[in-house]
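Below: one structure, written as structure tokens.
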Amino acid sequence: MRASQFHLNTLKEAPADAEVVSQKLMLRAGMIRKVAAGIYDYMPLALRSIRKIETIIRDELDRAGALEISMPLVQPAELWQETGRWDKMGPEMLRLRDRHERDFALQPTSEEVVTDIARQEIKSYRQLPRSFYQIQTKFRDERRPRFGVMRGREFIMKDCYSFDRDAETAGKSYDTMFAAYRRIFDRIGLEYRAVAADTGAIGGDRSHEFQVIADTGEDALVYCPESGYAANIELAEAVPLLPARTEASATLARTATPGRETCEDVARFLGAPLAATVKSLVLASDAGDGQIWLLLLRGDHELNETKVGKIDGLEAGFRFATHAEIIEHFGCGPGYLGPVAPRKPVRIVADRTVANMADFICGANAEGYHHTGVNWGRDLPEPDLVADIRNVVAGDPSPDGKGRLAIDRGIEVGHVFYLGDKYSRAMNASFLDIDGKPRFFEMGCYGIGVTRILGAAIEQNNDERGIIWPTAIAPFEVVICAVGWGKSEIVRAEASRLYKSLLAAGVDVILDDRDERPGAMFADWELIGIPHRLTVGERSLKNGGIEYQGRADDEQLKFAPSAVLEYILRLVRTGNA
């Protein structure tokens with residue numbers, strides 16, 4: 001490809017509404033063009049990277065035994081109604097009607113459609129296991145699309161679905177896909193972690209996220225450097241920080257704390273460590289009898305709502321209590337609440353660490369007062385429930401007992417779920433098993449955000465000059481900058497010879513024959529992020545060399561024309577940038 005025949009449109013500045021680095025750089029590099037909120041044109045440079053990602057995905061999924069299909073973007077409501085998700089999905093699913101007033105949706109995902117395929121096409125256990133995948137446009141009507149391609153409304157996604165005869169073989173399919181995902185992200189060339197994750201709205205029992213490490217990531221990833229433990233912070237287990245409860249050594253006292261409503265302020269006022277305080281959070285369950293719950297956390301810890309949502313009695317949904325409900329049950333407003341003698345009965349849930357605390361400080365259920373020297377069993381009954389309800393923090397013991405936890409930021413680019421028979425049972429999708437009896441399929445689903453990988457790669461790999469692509473997914477692997485193309489025959493001849501040699505060797509190369517000034521030419525390709533740059537200029541040729549600079553390098557190297565090909569091939573084939 002010659003640059004004079006290619007579409008390049010770089011900008012010196014990003015549009016004012018661009019929020020994150022990847023969005024700014026993709027717009028400046030001419031990779032995307034905004035059409036509407038969360039909806040973009042993918043221009044030639046971006047599409048080349050997308051196709052390379054898709055090729056890697058196809059290679060590895062085909063190797064894993066999955067079969068590619070294509071399911072419709074527009075899906076009938078009837079299938080979604082069978083699983084109940086037509087109503088549960090909420091406004092993120094864009095609904096529409098055809099001329100006959102029949103309801104449809106733009107697919108946000110395709111569990112229902114693929115389950116319908118299985119129930120019609122797979123009749124016998126002899127046809128199992130089977131996995132189907134597609135790389136297809138999806139649409140989710142995000143309330144606030146942001147961060148460019150990383151949280152857009154329209155995006156390209158790979159979704160794959162496995163069908164098995166029992167839980168054991170479904171587990172093997174899950175493991176096969178997990179291994180394929182590792183190969184995919186290894187080949188793409190990004191630093192990532194596979195972390196245990198909550199199954200969320202899709203449901204199921206076993207789940208892992210594949211997260212690209214980036215300081216700008218929305219997700220907190222918990223891992224132990226000394227072991228293989230890794231989990232999303234929503235799922236990371238928080239072990240008790242106190243091995244056992246010690247004996248009471250202080251007397252319960254009602255202490256004036258005027259105007260001190262936070263644990264930090266109370267600890268500072270009393271000259272006590274923050275870790276000696278207990279914070280109180282009041283929840284309400286609207287299911288059943290509308291129980292009021294008091295959740296207790298150490299003062300320096302934060303609530304994990306995902307974990308709370310798994311507590312019996314709260315799994316059907318919960319909310320933070322209203323001011324009126326708090327007054328009714330505790331006799332005062334937030335800031336001075338505690339578990340000692342509430343006005344009306346509440347269900348008390350203590351975090352594991354709080355359950356082992358002694359002589360702690362908490363609200364006294366009276367404005368301007370806190371209790372000090374509080375102890376379980378003596379001053380208040382044992383909690384109704386002890387549970388892990390907090391976020392872990394860096395330095396906590398690892399749940400596997402093999403070290404201390406660390407936390408990175410990450411961008412989710414892939415997710416694998418074991419679904420069980422959640423969808424097959426709802427849609428009566430069954431096959432005849434070896435005993436001749438019908439059995440529901442055991443399913444798994446596996447997604448990769450193809451266009452999201454572009455944004456994640458840039459968030460992880462950029463500098464003040466622009467993008468730094470991993471070689472495997474760069475729009476081009478090599479750019480040849482022909483300085484003085486229109487003036488120098490020797491430059492045209494050598495640049496053309498090198499270009500043809502690289503093409504013949506299978507290198508994805510672009511020849512910049514635009515006759516731009518060197519500074520402008522270099523700035524464009526540094527912004528775009530091509531991993532390897534060769535500069536062919538008359539002066540350097542007369543001095544016997546062609547200049548090479550890697551995108552992440554500070555210095556140039558000079559090679560004899562006869563040595564350049566071998567050097568570039570070695571870099572490209574090893575994936576070095």
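Any read-out appearing in this document is the output of simple, stated calculations on the displayed coordinates, not a laboratory observation. Owing to the predicted nature of the structure, the values given are computational and were not obtained by experimental measurement. Please note: Cβ atoms are built from the backbone with ideal geometry, for glycine as well, and neighbour counts cover all protein chains shown.
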Percent of Cα pairs exceeding the 21 Å cut-off, where the set is the stretch 253-387: 37
Residues with amide H under 5 Å from that of Arg409, placed H, sequence gap 5 or more: Ala214, Leu221
Residues Gln291 and Arg99, FRET efficiency given R0 of 56 Å [Cβ-Cβ distance, rounded to 0.05]: 0.70
Amide H contacts of Tyr192 (H built 1.01 Å from N, under 5 Å, at least 5 apart or other chain): Ile213
Nearby lysines by direct alpha-carbon distance to Lys437 (threshold 29 angstrom, same-chain neighbours under 8 apart not counted): Lys123, Lys172, Lys422
Debye log10 I(q)/I(0) for the chain, one point scatterer per Cα, at q = 0.10, 0.11, 0.13 Å⁻¹: -0.99, -1.09, -1.27
Karplus-derived 3J(HN,Hα), 6.51/-1.76/1.60, for each residue of the stretch 550-556, Hz, glycine and proline x: x, 4, 8, 8, 9, 10, 8
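Compute the relative contact order of the chain as a whole-number percentage, counting only Cα pairs closer than 8 Å that sit 6 or more residues apart in sequence.
Details: 1225 pairs, mean separation 96.7, N = 577.
It comes to 17 percent, rounded to a whole number.
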Estimated vicinal HN-Hα couplings, Hz - the stretch 531-548 in sequence order (Karplus 6.51, -1.76, 1.60; Gly, Pro = x): x, 10, 10, 10, 10, 10, x, 4, 5, 5, 5, 5, 8, x, x, 10, 8, 10
Surface/4 of the Cα convex hull for the stretch 1-44, nm²: 3.5
Dimensions (Å) - the stretch 476-574, Cα atoms, principal axes, largest first: 36, 28, 23
Positive dipole terminus of the stretch 476-574, leading residue within Gly486, Tyr567, Gly544 (C-beta point charges): Gly544
Cβ-Cβ FRET estimate between Glu247 and Glu464, R0 fixed at 56 Å, reported to 0.05: 0.40
Built amide H within the under 5 Å cut-off of Glu226, gap 5+: Arg404
Dipole of the chain, positive end: most advanced residue of Leu283, Ala36, Leu337 [Cβ charges, Cα centre]: Ala36
Under 13 Å from Lys344, Cα to Cα: aspartates and glutamates that are on another chain or at least 8 residues apart: Glu325, Glu328
In sequence order, calculated HN-Hα J values of the stretch 129-136 (Karplus, 6.51, -1.76, 1.60; Hz; x Gly/Pro): x, 9, 10, 10, 9, 9, 10, 8
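What pairs from Lys138/Lys158; Lys279/Lys307; Lys88/Lys310; Lys12/Lys500 go past 20 Å between their alpha carbons?
On the way: Lys138/Lys158 9 Å; Lys279/Lys307 17 Å; Lys88/Lys310 18 Å; Lys12/Lys500 32 Å.
Too far apart for the 20 Å limit: Lys12/Lys500.
Run the numbers on the stretch 110-268 and let me know its relative contact order in percent, using alpha-carbon pairs under 8 Å that are six or more apart. Spell out each step's value before the answer.
Details: 141 pairs, mean separation 21.1, N = 159.
That works out to 13 percent.
Over the stretch 163-319, what lengths in whole Å, largest first, do the semi-axes of the equivalent ellipsoid take, defined as the square roots of 5 times the eigenvalues of the alpha-carbon gyration tensor?
Equivalent-ellipsoid dimensions as semi-axes: 40, 22, 15 Å.
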Projected label distance in nm at Leu11 and Leu73, using a 7 Å step from Cα toward the beta-carbon: 2.4
Average Cα contact separation per residue, the stretch 88-172, under 8 Å, 6 or more apart, as relative contact order %: 29
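What fraction, in whole percent, of alpha-carbon pairs in the stretch 135-200 exceed 13 Å separation?
Working: 1636 of 2145 pairs.
Tail fraction, whole percent: 76.
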